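Undergrad: Handing you this structure, nothing more for now.
The values are calculated or read from the model by the stated rules, or taken from the named source; none is laboratory data. Just so you know, these numbers come straight off a predicted model, no measurement behind them. Methodologically, a virtual Cβ is constructed for each residue, glycine included, from the backbone with ideal geometry; neighbour enumeration extends over all protein chains shown.
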Amino acid sequence: MPKSVWFLIIGMLVNTTGNSFLWPLNAIYMHDYLGKSLAMAGFVLMLNSAAGVLGNLLGGFLFDRIGGYKSIMLGILLTVASLIGLTIWHGWPHYVWFLTILGFSGGIVFPGMFALAGAAWPEGGRKAFNAIYLAQNLGVAVGPALAGIVADYQFDYVFVVNLAMYILFFFIALITFRGIDAESIALKNVVSESKRITNKAPFYALLILSSSSVLCWLAYSQWSATISSYTQDLGLGLKQYSLLWTINGLLIVVGQPLIAPLVRRWEHQLKRQLVFGITLIAASFGIVAFAGDFKMFAAAMVVLTFGEMFYTPALPTIANQLAPKGREGFYQGIINSAATAGRMIGPLFGGIMVDQFGMIALVSILVVIVLLGIFPCLIYDRPLLGDRHANNSEN
């Protein structure tokens, strides 16, 4: 693996660790410390995700125009500036303003990071992206664990440490990213690519599959929104809640050998991977409905993580299979946007449901919503079958 990829891995690890210092605790902070309703906390998290979508689009545009190094540095500088503000002013409504800016600036950084990884190691293929993905999950494992310890001592220090991590990331990027040549990478622009689609059948198939992603991520996002606050109501400390995310991140990294036999067996049966993953995700919310202590929430997180490990990687794989030649980036953008849409809707939906009907009612509905996600997975290829029949009739 080239040295430049290692620099990107280290940068992504520091970046994600900094990110995950804050995002699992956002709903808890707004609800328990700022005294806002879960519906309001969900609305703020929706703003954060929406800003992230805009940041991703701008990050891709800037990468095409000014290169990955400059676009990443711009995103980091905006993040550092907003974190300085958040460290000084983290009351209401300043928290909303700075959290929205953080979503936007963080969104700018990620497209450049992945594109630079591909540019730095083009012969590595998927290995470069897998390395960045691994760094992300290590950050998710480390960040919440440290954040829980810091927050238990003094919540204000969470903002200080988050800022320190991003200052470190700034210097890593400043010193090491400049030399990585990204001239050969051209990120796909979703808007322009959408105008070039001629054969609509694969695109329709992707949209059907994407609806499953929206449903599953709507439910998944509750873990950092309503469920986080629910654990506090039940008496779990911030340290224990943060440990749940450490379990998630570590299990994704070390649990690959455990799922490898089934993944190999179903290598060409991606529908089975999707359905099995969704079933596990739904089961995890069933466990949450009966959870009253840390052990039960940990069990739910383990089941959720195994479901995620089957379901999530299958989506980009199918998107890549559906994509016509030269449209791979656009199709990946669609499937990623579906997940972001679920994360946008989820916290607001969950907050309103909990405020009106309570947590058990929400969790019960989430089980149904997740299971509904199986249906699009079973029928997404119907447009392709219809297209083949039409072609056969013409011949």
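Undergrad: Check region 32-51 and report whether any residue there is among the β-branched types (V, I, T) and at pLDDT below 85.
TA: Of the residues in region 32-51, the ones among the β-branched types (V, I, T) are 44.
With the extra rule that they be at pLDDT below 85, the set shrinks to none.
Taking every residue of region 32-51 in turn, none turns out to be among the β-branched types (V, I, T) and at pLDDT below 85.
Undergrad: Taking the options T100, T79, name whichever one is more than 23 Å from L13 (Cβ to Cβ), assigned to a helix (DSSP H, G or I), modelled with pLDDT of 90 or more and hydroxyl-bearing (S, T, Y). Before the answer, list the steps.
TA: Details: T79 fails: more than 23 Å from L13 (Cβ to Cβ).
Result of the check over T100, T79: T100.
Undergrad: Which condition does Y33 not pass, out of (1) out of contact with any helix residue (DSSP H, G or I) (no Cβ under 8 Å at 6 or more places or on another chain); (2) more than 21 Å from H90 (Cβ to Cβ); (3) among the hydroxyl-bearing types (S, T, Y), if it passes all the others?
TA: (2)
Undergrad: Also, quick follow-up: From the residues in region 6-47 that are not basic (K, R) and not in a helix (DSSP H, G or I), which one is surrounded by the most Cβ atoms within 10 Å (Cβ to Cβ)?
TA: Just the residues of region 6-47 that are not basic (K, R), to begin with: 6-35, 37-47.
Filter again for not in a helix (DSSP H, G or I), leaving 34-35, 37.
Numbers: L34: 16, G35: 9, S37: 14.
Result: L34.
Undergrad: Do you know which residues across region 91-111 are over 16 Å from the mean Cα position of the chain (by Cα) and over 14 Å from W23 (Cα atoms)?
TA: Answer for region 91-111, where residues must be over 16 Å from the mean Cα position of the chain (by Cα) and over 14 Å from W23 (Cα atoms): G91, W92, P93, H94, W97.
Undergrad: Return yes when V303 is β-branched (V, I, T), under 22 Å from L371 (Cβ atoms) and at pLDDT 85 or above and no when it is not.
TA: Numbers: β-branched (V, I, T): yes; under 22 Å from L371 (Cβ atoms): yes; at pLDDT 85 or above: yes.
So V303 passes the test.
Undergrad: Which numbered condition in (1) modelled with pLDDT under 90; (2) under 22 Å from the mean Cα position of the chain (by Cα) is the only one that K70 fails?
TA: Going through the list (1) modelled with pLDDT under 90; (2) under 22 Å from the mean Cα position of the chain (by Cα), K70 breaks only (2).
Condition check ((1) buried (at least 16 other Cβ atoms within 10 Å of the Cβ); (2) within 30 Å of A205 (Cβ to Cβ); (3) in contact with a strand residue (DSSP E or B) (Cβ under 7 Å, 6 or more places away or on another chain)) across all residues:
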residue	(1), (2), (3)
L250	yes, no, no
L262	no, yes, no
V275	yes, yes, no
A289	yes, no, no
L304	yes, yes, no
G307	yes, yes, no
I318	yes, yes, no
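Undergrad: OK, next. Enumerate the helices (runs of 4 or more DSSP H) found wholly within region 242-332, keeping only those where 2 or more residues are within 30 Å of Y153 (Cβ to Cβ) and not β-branched (V, I, T). Outline the logic, then answer.
TA: Details: elements: 256-265, 270-289, 294-322.
Fully inside region 242-332 and qualifying: 294-322.
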